[in-house]
1. Once the Cα atoms of the range 1-62 are picked out, what are the Rg and Dmax in Å?
2. Quantify, in whole percent, the carbon and sulfur part of the accessible surface of the range 65-150 (1.4 Å probe; protein heavy atoms only).
3. Once the piece of chain linking E126 and S109 is laid out straight, how much longer is it, given 0.36 nm per residue of separation minus the C-alpha distance between them?
4. Among all the lysines, which ones have a C-alpha under 23 Å from K147's C-alpha, if same-chain residues fewer than 8 places away are not counted?
5. Quick one: which residues, 5+ away or cross-chain, put their amide H under 5 Å from the amide H of V125? H built at 1.01 Å from N.
6. From the convex hull of the Cα coordinates of the chain, what is the mean projected area in square nanometres?
7. Please work out the average accessible area per residue across the range 1-43, using the 1.4 Å probe convention, and give it in Å².
8. What is the sum of charges, Lys and Arg at +1 and Asp and Glu at -1, for the other residues whose Cβ falls under 9 Å from the Cβ of G37?
Amino acid sequence: MEKIMREALLEARKAFELGEIPIGAVIVKDGEIIARGHNLRETSKDPTAHAEILAIRRAAEVLGGWRLTDCDLYVTIEPCAMCAGAIVMARIRKLIIGSMDSKGGAAGSLYNIVDDKRLNHRVEVEYDVLRNECSGIIKEFFKKLRKRNK
């Protein structure tokens, strides 16, 4: 699990280098990474260009369909409401989260969309995989941003 999360961290680092909020995601099927994504909202001027959404789109292309029922998604930071909804709609089997997001998380922090019994699909979730590394890159990014804005 840590090995795959390190791949998500590599994606987060790509976002960091672009000046994007450093969140990375990878999707795994049968032990192999089939899709990757990192935040590109600023670069693409697209409010939906979150790491998870981009990875889900790529995985659907690779598999030739929208149902990702045998796939696991690794993400460095807890998904927002939009991404949590997309994870449910894509029928992702398992979500592995690096670090929680107390200000915007929708997989256990503010909301728990991925385990809402009113929805027709629930996602198994594992928390805190490489938590320090995943939260560290976000802290580093915002520290650098605050310093630059002074």
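The values are calculated or read from the model by the stated rules, or taken from the named source; none is laboratory data. In this text the structure is predicted, and so the values were computed from the model without any measurement. In this analysis, Cβ positions are derived from the backbone assuming ideal geometry, glycine residues included, and neighbour counts consider all displayed protein chains. The accessibility values were calculated without ligands, DNA or RNA, using every heavy atom of the protein model including side chains. Shrake-Rupley method; radii C 1.70, N 1.55, O 1.52, S 1.80 Å.
1. Both quantities, over Cα of the range 1-62: 11.2, 34 Å.
2. Percent of accessible area from carbon and sulfur atoms in the range 65-150: 50.
3. Computed gain between E126 and S109 is 4.8 nm.
4. In chain and number order, the partners are K14, K103, K139.
5. It is L95, by chain and number.
6. Result: a mean projected hull area of 8.4 nm².
7. That works out to 50 Å² for each residue.
8. Once all neighbours under 9 Å are counted, the net charge is +1.
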